[in-house]
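Below is one structure, written out as structure tokens, with a few remarks after it.
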Amino acid sequence: MSPGSYKTLLSLLFLLLPLAQTQDRHIQMELNTRNLKSSASKSKSKSMAKILEEEEEEEDEAEDLSLSCGCFFCAMKQPDARLRRASVAAFFRELPYSEEVDDGGAVAAVWRTAMDAPDDPELPSLGAIRCMSLLLARALDDAAWRCRPQNASLPYYAAHVLGSYTIRSSAHAELAVAAGAVGPLLALLGGAMTWVERRAAARALGHLASYDATFPAVARHAAEAVPLAVRAASTCVADVYASYVALAPSERPKYQRELLTRGLVGDAAEDRKAEEWASQLQCWSLYFLSCLASRDPSCHATICQDRAFLRELCRMWGGLANGDSPAGVGLLRLLCRSAVGRGAIAACPDALSGLCDLARSSDDWQYMAIDCLLLLLDDRDTWHAVADATAPCLVDLAELRRLGPRPRLGDAITSALLIDDDEHVHHGREIGAAAIEAIARLREKKIERKEREEAMSTDELLQRKLLAKEKKRQGNDMFWHGEVDRAIELYTEALDLCPLSGRRDRLVLYSNRAQCRLARREADAAASDATRALSLARPANAHARSLWRRAQTYDMKGGMARESLLDCLAFAGAWLDGRKHGRKPAAARGRGENQMKKLPYCVARMIGKQMSATGLFSGVSTEDGNVGRGDRMPRCSDGGDDGDDYEKDDGGDECDHDGSEEEFYETELRFCRSANAGSGLPIMAGETWSSRLTRRKKKM
């Protein structure tokens, strides 16, 4: 090739090279575009397939729902969780607007679910709480709809479901408030329907008022809620009796009987259930008031305006069926924390008397009554107003060490009572002679005598203890020879001699002197001595013989059936517990084991009598409101304590086993059998009372 041709070829190559590169780029771009289009087409196909699949599933779900009957039971039987939730939510949305709401018992099924699993969030999250609130609102607005037979129980179930789901869950309580449940519940508490619905409403309102998150919503209605709750607690017993118990079974509302008699047979069981529900209505109304009073002290003035309510407040108690509720004394303690409450209680003699009676009982809430009295005494504005009523009572308790959660209660009582002498006169008013004497005795024993004994030598203290022991022996002899007055003198001399460190010896002396005073029918003095003995026991109220003596004393006084019953039950618990642990009296040795588990007839009879007298309807079922006052139990003497063995007291807290069973068998049972000679009266089996004694045994 010639040089010229070679140059020409090179020139052409340089010209064609950019064109080739450009063409390659165009081809590459075209290929990329085709790939992108292909990917987009595939992605679109997948998305379309997914959409079509979801539409098919929704169509299948809609078909499944259309095939379902739409009731709560079918919804809950759905095996698929998503379908079940959708069905249940649809059921709750439609239920409040249905004409035939509870024809199949759907709301009752929701009630059972709420009772079994109150913390389960599934049904509340699906609208159960909102549904129940709407049902209550509809029942209140549409009387004709509510009165249909299939809808009669709906308001009760709806209110009860709200109370069950809010019993422990603040989140559920917030759902109830958001659903507007407070208004309908207050209407039920005010008596818009019957006492059955009022009971469920009081329970639910108490739960809503107990949480920080929901209390403000309830407190906004305090001006309305407080009087309603006060009236419910005051009148519920008479209302339940008049509108249900006093009626013949055929005249009672059918739906109420069905609610009350689930699993029960017989009119007597139905009446007992009505009494239990009436007690719960009262306790839950008081709990609602306590929630309001604890968080909003401005409610105290409104509560204290009703003087009749304040007079009866300490007598309102949960009874044996609702013993876990502090009831009236719990609210009284809250009121005593404000100046308004203390002033109102100090001006109410019946309230002070009720607190004194409860403070000298074996009730589980005894310590709350003592708290109330101490709060009143710690306020110098109310100290003098209540000293006449409280000082003689509290002096008997000045040697308590621990009671329930309260340590060193005796020291607190002593500090509250032993103020300066010049403070006994305040605003020109001097405390009464009985209070002055009681405080003087307390000062002499807790301060002056203690200082004297601390200055004595060990030998001198031992000599005084031996002299006291001899005086006690002589007192026992005098009692058995019928010289009761002389026995009291000897026991008193022994108490003056016995060192304060001889706790167990002094316990026995007080208990024996209580028996002597019981024989002389000196009820107040006998109750005082028995209470002093029980205060010295370790743990408190654990001296069985003193419990029985005080129970007889309270029966003798009349009007103290509750206190007598509780002491009887505590004694029976100690009696049966002693049999369980093999502490058999000499007179009963050789008896069969089954017989040793039985209560003496006179104890069983006393328990039966006091249970009848303390029944919730006992006061409204008789014309004078007093039951059993003319039916005095025979006084059963159990003799003096013959514990002649010297026992050193180290001030410890070990339990006191007083050996009371032996003398009780030998004297008290002999008295009961001789008084009923030939009647063949049985001794009641211990199993009869075992359910009643479970809570009492925890204190023994």
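Structure notes:
- Residue-count net charge about residue 232 - beta-carbon cut-off 13 Å; Lys, Arg +1, Asp, Glu -1: 0
- Percentage relative contact order, region 358-498, counting C-alpha pairs under 8 Å, at least six apart: 17
- Among 362-373, 440-451, the order from most to least packed when residues are scored by Cβ within 10 Å on average: 362-373, 440-451
- Of the residues 115, 83, 136, the one whose Cα sits farthest towards the positive end of the charge dipole of region 76-175 is 83 (charges of +1 on Lys and Arg Cβ, -1 on Asp and Glu Cβ, taken about the Cα centre).
- With K and R counted +1 and D and E -1, the other residues having a Cβ less than 12 Å from that of residue 309 yield a net charge of +1.
- Phi-derived couplings, Karplus 6.51 cos²θ - 1.76 cosθ + 1.60 at θ = phi - 60°, listed residue by residue for region 431-436: 5, x, 5, 5, 5, 4 Hz, with x used for Gly and Pro.
- Taking other C-beta atoms within 10 angstrom as a stand-in for reagent exposure, 111, 548, 145, 575 fall in the order 145, 111, 575, 548, fewest first.
- Over region 435-513, Cα pairs under 8 Å with separation of 6+ residues give a relative contact order of 27 percent.
- For the peptides 599-608, 527-536, the ranking by packing is 527-536, 599-608, with the highest mean count of neighbouring Cβ atoms within 10 Å listed first.
- Sequence ranges 489-501, 274-286, ranked by mean other-Cβ count within 10 angstrom, highest first: 274-286, 489-501
- Per-residue Cβ neighbour rank within 10 angstrom, fewest leading, 458, 614: 458, 614
- Per-residue Cβ neighbour counts within 10 Å put 568, 291 in the sequence 291, 568, beginning with the fewest.
- Residue 85-residue 380 FRET efficiency (beta carbon distance; Förster radius 51 Å; 0.05 resolution): 0.20
- Length available on full extension from residue 415 to residue 235: 0.36 nm per residue minus the Cα-Cα distance, which gives 60.9 nm.
- One decimal place: the segment residue 144-residue 524 gains 130.9 nm when fully extended, by the rule 0.36 nm per residue minus the C-alpha distance.
- Normalised contact order of region 136-292, rounded percent, pairs of Cα under 8 Å and 6 or more residues apart: 26
- Legend: residue pairs 450/471; 465/598; 273/557; 446/472, Cα-Cα distance threshold 27 Å; pairs beyond threshold, 465/598; 273/557.
No lab work stands behind these numbers, since they all come straight from the coordinates. Being a predicted model, the structure only gives us computed values, none of them experimental. Quick reminder, even Gly has a Cβ in these numbers, built from the backbone with ideal geometry, and neighbours come from all protein chains shown.
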